[in-house]
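Input: a single structure, listed below in structure tokens.
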Amino acid sequence: MKTPTPDDVHRLTAPTSFLDHDSEAVQSFIDEVVDDRGTSKRRLAVDLYYAVRDDVFYEVYGADLSPRGLRASTTATTRKGFCLHKSALYAAACRAVGIPARVHYGDVRNHLASDRLRAHIGGDVFFHGFASVHLDGRWVKATPVFNKILCRLYGMRPLEFDGTADSVHHPFDDQGRQSMEFLADHGGFDDVPYQFVMDSMRRKHPGFLDASGTGTVPGGSLAAEAAA
């Protein structure tokens, strides 16, 4: 994506229906992380990355995929979700401190998913959400998704981010085995493209959705499956 113009910066830092950083919940989340909003944009982006990565519990089961469930304010309140929820919260939080941000989507192959999750997903290729932020004159991709505890259970190193280079996926686990592959990039969006996201989920992972079609199957714990 090109360097933002002043109009772009205004658009890409504004609250939206899903990236609702003008909400009390998102503002409170940011205030827990950021001591001084006058610090460098890169430092803010990094601090917010680690807060979303590690302070929002990663869980794929029983997740709310309704419009309300995918709003940043909901994730800031519940402190749980998976890539679709966490990427929206991160983009919203970055916008709130003046960093242009977008949500981004792609397909990844995850070699370390549990057997149960693969059965629900329909294989090892996942529709995946992350974010892109504009820092120091360039766009960088960030994936504040898999928290430290879950990574340790799966024998993976947590995905780091320094604000200067893309942080997209875990190419190898601690033993040097391939763990994730980035297969397709569906592009970036100014707000969560709800219909596109849900159409993609229904087409790619119908067995992962609950009876309502606006949530994921209940009754599981990815951390427990990893530990087992």
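The values are calculated or read from the model by the stated rules, or taken from the named source; none is laboratory data. From a predicted model like this one, the values you see are computed outputs, not experimental measurements. Note that we place each Cβ from the backbone using ideal geometry, even for glycine, and neighbour counts take in every protein chain shown. SASA here: full protein model, heavy atoms, side chains in, ligands and nucleic acids out. Shrake-Rupley method; radii C 1.70, N 1.55, O 1.52, S 1.80 Å.
A few points about this structure:
- Between the Cα long axis of helix 83-96 and the first principal axis of the chain there is an angle of about 10°, rounded to the nearest 10.
- Option label - percent of Cα pairs over 30 Å apart computed here, alternatives [x] 18; [y] 35; [z] 23: [x]
- Remark: the chain carries a charge dipole of roughly 340 debye about the Cα centre, counting +1 on each Lys and Arg Cβ and -1 on each Asp and Glu Cβ.
- Other residues with beta-carbon under 15 Å from the beta-carbon of Ser221 carry, at +1 per Lys or Arg and -1 per Asp or Glu, a net charge of -1.
- Accessible surface calculations at 1.4 Å, restricted to protein heavy atoms, place the chain at 42 Å² per residue.
- In a fully extended conformation the segment linking Asp31 and Asp166 would gain 46.0 nm over its present Cα-Cα distance, using 0.36 nm per residue.
- Heavy-atom accessible area order for Asp36, Asp47, largest first, 1.4 Å probe: Asp36, Asp47
- Computed from backbone phi, the HN-Hα couplings of region 185-195 come to 10, 8, x, x, 9, 5, 8, 4, x, 4, 5 Hz, rounded to whole numbers (Karplus: 6.51 cos²θ - 1.76 cosθ + 1.60, θ = phi - 60°; Gly and Pro given as x).
- Lys, Arg +1 and Asp, Glu -1 on Cβ, resulting dipole of region 117-216 about Cα centre, debye, nearest 20: 320
- Note: relative contact order over the chain, using C-alpha pairs below 8 Å and six or more positions apart, is 24 percent.
- 3J(HN,Hα) from dihedral phi, region 124-132, Karplus parametrisation 6.51/-1.76/1.60, rounded to Hz, x for glycine, proline: 10, 9, 10, 6, 9, x, 8, 9, 10
- Counting only protein chain heavy atoms and rolling a 1.4 Å probe, the accessible areas of Lys86, Lys80, Lys148 rank, largest first, as Lys80, Lys148, Lys86.
- Expected 222 nm ellipticity per residue - DSSP helices of 4 or more, -39500 (n - 2.57), all of the chain, to 500: -10500 deg cm²/dmol
- Between amide H atoms placed 1.01 Å from N, distances below 5 Å from Leu65 occur with Gly215, Thr216, all of them 5 or more places distant or on a separate chain.
- Largest accessible area first, the residues Val125, Val46 order themselves as Val125, Val46 under a 1.4 Å probe with ligands, DNA and RNA left out.
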